[in-house]
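The values are calculated or read from the model by the stated rules, or taken from the named source; none is laboratory data. Just so you know, these numbers come straight off a predicted model, no measurement behind them. Neighbour counts run over all protein chains shown; Cβ positions are idealised from the backbone, glycine included.
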Amino acid sequence: MADATIVRVTVLKRVERSRAALDDVSKAIIEQLQQDGRRSYASIGKVVGLSEAAVRQRVQRLIDHGVMQVVAVTDPLELGFSRQALIGIRATGDLEPVADALVAMEEVDYVVVAAGSFDILAEVVAESDEHLLDIVSKRIRAIPQVLSTETFVYLKLRKQTYSWGVR
């Protein structure tokens, strides 16, 4: 990622809550923001056929309902985080407490409960190899239900996109 101020629009889907039905206009607004998260409400309104105020209200409703979030995506290297890794975690028992403990760690930016070789996958951004080692050895492996971990250190990020559209 060359630009340290790319704006990302993430469409959030949570199994825990019922999915809000999105009409074609809301989907078009999301698609506009995925192309450029800094696009003005007025320019979006011209494309989707709504006033600036109506677009603003729709965007706020989508954010309030947890359907999406608009955030700046930064380059971790530019901010002093020289190490990124994906950590595969094998655990026993209820996975929710493990996932909750990972979510609470500020260095963890992505947590999913998975099927396959690992029960949970967590992405970590660390300042150094020593910091990553501390996170894995002293914090993640200290969670009682964690049986084992496998760390996949990122050597080079080749693609990261958030523009998959809406369904």
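Annotations
- Consider the stretch 80-93 and keep the residues that are aliphatic (A, V, I, L, M) and over 18 Å from the mean Cα position of the chain (by Cα). The one that is surrounded by the most Cβ atoms within 10 Å (Cβ to Cβ) is Ile89.
- Residues in the stretch 67-79 that are farther than 14 Å from Gln34 by Cα and surrounded by 13 or more Cβ atoms within 10 Å (Cβ to Cβ): Thr74, Asp75, Pro76, Leu77.
- Matching residues, the stretch 34-61, being touching a residue at least 40 places away in the same chain (Cβ under 8 Å) and surrounded by 14 or more Cβ atoms within 10 Å (Cβ to Cβ): Gln34
- Those residues of the stretch 145-167 which are modelled with pLDDT of 95 or more and either more than 15 Å from Gln84 (Cβ to Cβ) or surrounded by 13 or more Cβ atoms within 10 Å (Cβ to Cβ) (or both), in sequence order: Gln145, Val146, Leu147, Ser148, Thr149, Glu150, Thr151, Val153
- Residue within the stretch 124-144 that is outside the structural domain of Arg58 (by TED's automatic domain parsing) and within 14 Å of the chain's Cα centre (by Cα) present: yes
- Complete set of residues in the stretch 84-97 that are of a type in the set (Asp, Glu) and in contact (Cβ under 8 Å) with a residue 40 or more places away in the chain: Asp94
Here's the yes/no breakdown for (1) among the small types (Gly, Ala, Ser); (2) part of a helix (DSSP H, G or I); (3) closer than 21 Å to Lys156 by Cα; (4) at pLDDT below 95:
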{"residue": "Ile63", "(1), (2), (3), (4)": "no, yes, no, yes"}
{"residue": "Val71", "(1), (2), (3), (4)": "no, no, no, yes"}
{"residue": "Arg90", "(1), (2), (3), (4)": "no, no, no, no"}
{"residue": "Glu123", "(1), (2), (3), (4)": "no, no, yes, no"}
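- Residues in the stretch 125-167 that are within 22 Å of Asp100 (Cβ to Cβ) and part of a loop (DSSP other than H, G, I, E, B): 5 in all.
- In the stretch 109-137, of all residues being closer than 20 Å to Ala91 by Cβ and touching a Phe, Trp or Tyr at 6+ places or on another chain (Cβ under 8 Å), the one that is surrounded by the most Cβ atoms within 10 Å (Cβ to Cβ) corresponds to Ala122.
- Scope the stretch 98-142; condition in contact with a Leu (Cβ under 8 Å, 6 or more places away or on another chain) and either of a type in the set (A, V, I, L, M) or without any contact (Cβ under 8 Å) to a residue 24 or more places away in the chain (or both); matching residues: Val108, Tyr110, Val111, Val112, Val113, Ala114, Ile120, Leu121, Ala122, Val124, Ala126, Ile140
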